[in-house]
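Report on the following structure.
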Amino acid sequence: MNRKEFTIAGPSCVYPGGIWENSWLLKDKVSEIGLTFFQSQACLEYTDRELPSGLADLNLKYHVHLPLDYDWDMGVRHNFDITRRLIEKVRFLSPDKFVLHPPDRARLLEDFAHLWIKEGLPIETLLVENIRTCDFSGLWKIIEDSGVGICLDIGHIMAYDQYSILTHDFIWDRVSLLHVYGREDHTGHVKLPLISEEGKAILQLVLTRVQDKSSVLVEVFTPEDFLDSKQFLIEMAGPWGMNFV
């Protein structure tokens, strides 16, 4: 029986320093980097100092987490223009996933997805993430109809009672990226070895259901927590009948 294989990814803010420093230090520990473009203006001002051409030579895959500070009251076009400019900055890295904290209004997401397609971008590369303020409740029809992908955050499911997401069977063909960590609390994201038994069972269930070759972003932000969390996945690989590369 073939074992499912998952790609371990690390965020570009595990070590002190910028994207280059983190990518260099993680290149022998992960197969993929999640570029954390959390602040719109700061990331729009990135030059080849923050995004040097050498990133393309590290034998890594890349994906992008789009900014957290999108203002949907400014209109969909405003946010999409920021997105388009950021995509241009990293085109040389060929990222295959772009994570969006979605608006909670279906029309806004529908319009954003329309602009994505109009730009000639594959709709499955746009991933909506379940976040504290959006468990997809009002978005299911547009998610299903538009073809957008899903970034499933396991910690958010547990912290914000979003278990109903897991009852929508169609999601399993849409999830291509998981955010994993022990739990979310007042300190932030804790490392995977501190996950509860319930959390461990949910993580195993989700890994069993999602697509083979999906990416698993270990979403913790210190070197020690990252390495401990990666080791947790490696130790679970055998009992769960999976590989993490």
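Any read-out appearing in this document is the output of simple, stated calculations on the displayed coordinates, not a laboratory observation. These numbers were taken from a predicted model, which means no experiment stands behind them. Here the Cβ positions follow ideal geometry from the backbone for every residue, glycine too, while neighbour counts run over all protein chains shown.
At a glance:
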read-out	value
Three principal axis lengths of segment 1-64 [C-alpha, angstrom, descending]	49, 22, 20
Length released on extending from residue 213 to residue 173, taking residue separation times 0.36 nm less the Cα-Cα span	13.2 nm
Distance violations [Cα-Cα > 21 Å] among 141/200; 27/200; 61/230; 29/61; 29/200; 97/213	141/200; 27/200; 29/200
FRET efficiency, 1/(1 + (r/R0)^6) with R0 22 Å, evaluated for residue 58 and residue 88 via beta carbons	0.60
Sequence-separation-based contact order of segment 95-221, relative, with Cα cut under 8 Å and 6+ spacing, percent	20
Charged-residue dipole, Cβ positions (Lys, Arg, Asp, Glu), segment 161-245 about Cα centre, Debye nearest 20	260
Percentage relative contact order, the chain, counting C-alpha pairs under 8 Å, at least six apart	23
Radius ratio Rg over Rh of segment 149-245, counting only Cα atoms, Kirkwood formula for Rh	0.93
Enclosed volume per residue, in Å³, of the convex hull spanned by Cα atoms of the chain	127
The chain - share of DSSP beta bridges that are antiparallel (%, nearest 5)	10
Fully extended contour minus Cα-Cα distance, from residue 25 to residue 224, at 0.36 nm per residue	70.3 nm
Shape category assigned to segment 154-197 from the gyration tensor of Cα positions, a/c cut at 1.5	prolate
Residues listed by number, segment 204-245, amide nitrogen under 19 Å from residue 166 label point at 7 Å toward C-beta	204-212, 214-219, 233, 236-237, 239-242
Rounded, prolate or oblate (a/c below 1.5 giving rounded, otherwise prolate when a/b exceeds b/c) for segment 69-141 by Cα gyration tensor	prolate
